[in-house]
Amino acid sequence: MKNRIIKLFLLATALVVVTASADAQTKRTSKKRTTTKKTTSKNTTAAVAAPAKDTTKPVAALPEPELNLGTIRKSLRNDNAIERNLVKDRNPLS
């Protein structure tokens, strides 16, 4: 009886997952935008305005920071991920 309940629960879960993924794959219905023609008169005159005056102060150049990292020392880590002696100690199977 417990086996049957577990199987039904798993089946229902799988059904929910499949339907959720199927909903995500459906195409969207796009609404077409209605376009209206813009009417322009032939006697349009644009008022020409003078460009705005730049009132910002110039920014001074920032000095380069000193990157004094000190002397380079030798690393204490091993160069290899494993010790090479362990590989050499293996015996062939035959």
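Rule-based calculations on the coordinates, nothing more; no lab input. These numbers come from a predicted model, not from an experiment. As a convention, Cβ positions derive from the backbone with ideal geometry for all residues, glycine included, and neighbour counts pool all protein chains shown.
Show me the ranking of peptides 58-70, 4-16 by mean Cβ neighbours inside 10 Å, starting with the highest. Kindly include the intermediate steps, with their values, before the conclusion.
Values: 58-70: 5.6, 4-16: 9.8.
Top to bottom by mean Cβ count within 10 Å: 4-16, 58-70.
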Legend entry - Virtual spin-label span in nm between Lys57 and Thr13, 7 Å along Cα→Cβ: 6.7
Inset, instruction - Work out from phi, with θ = phi - 60° and the Karplus expression 6.51 cos²θ - 1.76 cosθ + 1.60, the ³J(HN,Hα) of each residue of region 55-69, listed in order in whole Hz, and give x for Gly and Pro. - result: 10, 7, 7, x, 8, 6, 5, 6, x, 6, x, 7, 10, 8, 8
